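The values are calculated or read from the model by the stated rules, or taken from the named source; none is laboratory data. Note that the structure is predicted; figures quoted are calculated from it, not measured. Here Cβ is always computed from backbone atoms with ideal geometry, including for glycine, and neighbour counts include all displayed protein chains.
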Amino acid sequence: MLSSQPRSQLPLYGLQVFECSARHLSFTLAADELCVSQGAVSKQIAQLEARLGHLLFVRGTRCLALTPAAERLLPFIREGLARMGEGLSALQTLPHEQAISIKVPSCASRWLLRRLQAFEGEAVEVRGSHSHGIDFSREPFDLAIVYQPCQARYPHSQPLFQERLTPVCAPAFAAKHRLFERTIEELPLLPLLHASADRRDWRNWFAAFLDTPWQPQGGQLFDTLDLAMNAALQGFGLSLGDPTIVAEELESGALVAPFAPVLETDHEYALLARPDSQRQGVARTCHWLLESRDQP
């Protein structure tokens, strides 16, 4: 019997065809409403009758009539279809869950996107920014990755990784300039890429590893570290890069690090959540990023 069948095996479409045919008392009119052929309607009704073990229609020359079995079944089918329609209508009135919005410095977007590839939780919207901070009172983000001094952190920020810098470049550029055969004392003579007009990253790196003070001598300027690293990928020169951020490029060989010294700066990347957020998805996304921060 029908009642003993699993719900996944209920002939829902056949029941819909039955209700439509019973309402019109015509397979032809039912076919017009359902946008199928009359033969398709007749076939659905025949299959339903076979499954139920009861005839549903008395087929006359010009019209149909309901059998006693059909008259008994029809009110339940109509009520069931109406309830399903009400459920679908109620669903349409619910607001769609908005994606979790994350603000991230453009240079750290590589790190973030690698981790989100394996995230099976909420829908996430990532927005890269030149800004390294966040003001939740003015900016409509759920989460933010910020770049901050280790000794002057945002309240409630949770560190992701400390900034480290080392020279990186494309393999072809390294081969052309025989970088693996050179010493760091020769580095200032090479084409350097700068992530800021004051060249502070290279200035700090040279101050840490060279005995002779470095005097800036040209080099291409970019307004973000991300742009400088992209230029390095294209073979324009040597850029300072964070091995944590460009881990995938270093592993694949798209970038190489021909000089060993790595400068640990006094800055870090950290995660901040909107203080007044009540969305569970924010907490889940935050937990995922913190749990995956040590992965390569």
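Observations, loosely collected:
- When residues of region 31-49 are limited to those that are more than 16 Å from residue 12 (Cβ to Cβ) and of a type in the set (A, V, I, L, M, F, W, C), the one surrounded by the fewest Cβ atoms within 10 Å (Cβ to Cβ): 35
- For beta carbons closer than 6 Å, sequence separation of 6+ or different chains, a first residue in region 211-238 that is over 20 Å from residue 113 (Cβ atoms) and a second that is among the basic types (Lys, Arg) and crowded, with 17+ Cβ neighbours inside 10 Å, the qualifying pairs are 216/199.
- Selected residue [in contact with a Gly (Cβ under 8 Å, 6 or more places away or on another chain), in a helix (DSSP H, G or I) and of a type in the set (A, V, I, L, M)] from 48, 74, 81: 48
- With respect to (1) in contact with a helix residue (DSSP H, G or I) (Cβ under 6 Å, 6 or more places away or on another chain); (2) over 20 Å from residue 109 (Cβ atoms), the lone exception for residue 178 is condition (1).
- Check on residue 261, in contact (Cβ under 8 Å) with a residue 40 or more places away in the chain, surrounded by fewer than 17 Cβ atoms within 10 Å (Cβ to Cβ) and within 21 Å of residue 184 (Cβ to Cβ): yes
- Hey, residue 182 more than 23 Å from residue 226 (Cα to Cα) and surrounded by 15 or more Cβ atoms within 10 Å (Cβ to Cβ) or not: yes
- Pairs where the first residue, in region 9-30, is among the acidic types (Asp, Glu) and the second is surrounded by fewer than 18 Cβ atoms within 10 Å (Cβ to Cβ), C-beta under 8 Å, 6+ apart: 19/74; 19/77; 19/78; 19/81
- Yes/no for residue 108 being at pLDDT below 95, hydrophobic (A, V, I, L, M, F, W, C) and under 20 Å from the mean Cα position of the chain (by Cα): yes
- Residue check for residue 255: in contact with a helix residue (DSSP H, G or I) (Cβ under 9 Å, 6 or more places away or on another chain), crowded, with 17+ Cβ neighbours inside 10 Å, closer than 22 Å to residue 151 by Cβ and in the same structural domain as residue 236 (by TED's automatic domain parsing): no
Residue-by-condition table, conditions (1) within 20 Å of residue 284 (Cβ to Cβ); (2) part of a strand (DSSP E or B); (3) touching a Phe, Trp or Tyr at 6+ places or on another chain (Cβ under 7 Å):
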site: 133; (1), (2), (3): no, no, no
site: 136; (1), (2), (3): yes, no, no
site: 144; (1), (2), (3): yes, yes, no
site: 147; (1), (2), (3): no, yes, yes
site: 151; (1), (2), (3): no, no, no
site: 156; (1), (2), (3): yes, no, no
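- Of all positions in region 252-262, at least one carries a residue that is part of a helix (DSSP H, G or I) and either more than 25 Å from residue 198 (Cβ to Cβ) or among the aromatic types (Phe, Trp, Tyr) (or both).
- Within region 116-130, being more than 9 Å from the chain's Cα centre (by Cα) and among the β-branched types (Val, Ile, Thr) holds for no residue.
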